[in-house]
Structures are given as C-alpha cells and as structure tokens.
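Enquirer: The structure is given below, and queries will be raised subsequently.
We did not get these values from a lab; they are worked out from the coordinates using the rules stated. From a predicted model like this one, the values you see are computed outputs, not experimental measurements. Neighbour counts run over all protein chains shown; Cβ positions are idealised from the backbone, glycine included.
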Amino acid sequence: MSAQKIPAIADSVGQLAKLLNERDWLMVTAESCTGGSVAAACTDRPGSSTWFQGSVVSYSNQVKTDVLGVPDVVIEQHGAVSTQCAEAMARGAQLLLQAAVAVSTTGIAGPDGGSRAKPVGMVCFGFAIGKQLYSDTQYFKGDRSQIRAQASAYALSKLSSYLIDK
C-alpha cells in the first residue's frame with residue numbers, strides 16, 4: 001500500500017472525531033510498532049478529550065500479555081506480529097480503558113527484525129468496535145519512519161471506514 005492511497009492523518013482524525021462524537025463513543029489505542037503515534041495524531045486535534053480516552057504503548061511482549069491481556073498462547077502460536085495478536089491487543093485496550101472503540105498496531109518497522117514470512121514493513125491491525133473484532137495486515141515500503149507514519153495513517157483511515165460502515 002502506498003502513502004498516496006491513505007488519506008491524510010488530519011482528515012482521518014477529523015472524520016473519526018465527528019463519527020465518535022455523534023455516537024458519544026470513546027476511542028483508545030494499543031500500539032507496538034507505531035510507538036504511540038496513532039494516539040499522538042488523535043490528541044493533536046483540539047477537543048480530542050471528548051472522544052479519545054487513552055493509549056497503551058505495548059512494545060514488549062510482556063506488556064502485551066501483562067497489561068493488555070494478550071494470551072501467551074497467541075504469541076507462542078502466531079507471534080506478536082499477527083492478526084490474532086492485533087485483535088487481542090485491541091480487545092484488551094478496549095476493556096482496560098473502557099472504550100467503545102479500539103485500534104491496535106503490531107508490526108516490523110525495521111530496518112532489522114524482518115524475515116521471509118514477516119518482512120520489514122508488515123503491520124497487523126486490530127479493530128474492536130463494540131463486541132465486533134476486525135483485523136487487517138498491510139505491507140508498507142520505506143524506512144522505519146515512513147513505515148510507522150504509513151501504519152499510523154492507515155490505522156486511522158481504516159477505523160473511520162469501519163465506523164462509517166457500522
């Protein structure tokens with residue numbers, strides 16, 4: 001996926017703010033490879049406290065399991081970079097921070113850490129909306145900073161799409 005296909009972060013955040021405020025819902029994030037940049041994009045918007053509840057940056061597997069409640073078996077069987085882990089992270093953040101909506105990111109931003117099965121640029125996303133769970137995997141190109149920026153923008157854009165469809 002190229003950056004040109006992803007709406008600008010400010011546009012996605014504006015749309016999210018509108019959709020969440022209309023429903024009187026709160027949103028949270030659980031971020032690994034994006035390191036809090038999804039939450040930062042949300043809180044850059046004035047008035048975000050009406051719809052943004054908080055975030056957990058769960059860079060280590062221990063934080064994923066101990067704080068977000070990702071089952072050890074998920075990481076053992078599928079790895080931290082998997083849709084199964086992303087879904088568990090989103091649900092864990094949603095429950096921990098008491099919000100209607102959660103988005104999670106877990107991936108390999110590089111420049112090292114990739115493999116043939118899970119290359120640098122692979123990012124898994126989890127989306128918890130009410131009781132529903134969704135996940136997605138994307139492969140971004142570029143350096144570490146570019147991959148993280150694309151992943152953050154995609155997370156916000158995709159979440160907006162899910163809320164529009166709901």
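Enquirer: State the extension gain, in nm to one decimal, for the chain segment bounded by Gln62 and Asp136, taking 0.36 nm per residue of separation less the distance between their alpha-carbons.
Expert: On the way: separation 74, 0.36 × 74 = 26.64 nm, distance 2.29 nm.
That works out to 24.3 nm of additional length.
Enquirer: Quick check on region 3-165: of the DSSP beta bridges with both residues there, what percent are antiparallel, nearest 5%?
Expert: Antiparallel: roughly 60 percent of the beta bridges in region 3-165.
Enquirer: Would you indicate which of (i) 25; (ii) 16; (iii) 11 is the value of percent of Cα pairs over 29 Å apart derived from the coordinates of this structure?
Expert: Only one option fits the structure, namely (iii).
Enquirer: Between Ala155, Trp51, Met27, whose Cα lies farthest towards the positive end of the dipole of region 3-165 when Lys and Arg beta carbons carry +1 and Asp and Glu beta carbons carry -1, centred on the Cα centre?
Expert: After comparing all options, I get Ala155.
Enquirer: Note down the magnitude of the dipole of the chain about its Cα centre, charges +1 on Lys and Arg C-beta and -1 on Asp and Glu C-beta and zero elsewhere, to the nearest 20 debye.
Expert: So the dipole magnitude of the chain works out to roughly 280 debye.
Enquirer: Looking at the chain, how many pairs of lysines come closer than 14 Å at the Cα, when each pair is eight or more places apart or spans two chains?
Expert: Lysine pairs meeting both conditions in the chain amount to 5.
Enquirer: Once Lys and Arg get +1 and Asp and Glu get -1 on their Cβ, which of Gly107, Met89, Gly121 lies farthest toward the positive end of the dipole of region 3-165?
Expert: Going by the Cα projections, it comes out as Gly121.
Enquirer: Whole number please: convex hull volume per residue of the Cα set in region 23-83, in Å³?
Expert: Here the figure is 91 Å³ per residue.
Enquirer: How do the peptides 14-25, 83-94 rank, highest first, by the average count of neighbouring beta carbon atoms within 10 Å per residue? Provide the component values of the computation, followed by the final result.
Expert: On the way: 14-25: 16.0, 83-94: 25.8.
Highest to lowest by the protection proxy: 83-94, 14-25.
Enquirer: What order do you get for 26-37, 42-53, 120-131 when each peptide is scored by the mean count of other beta carbon atoms within 10 Å, highest first?
Expert: Ranked by mean Cβ neighbours within 10 Å, highest first: 26-37, 120-131, 42-53.
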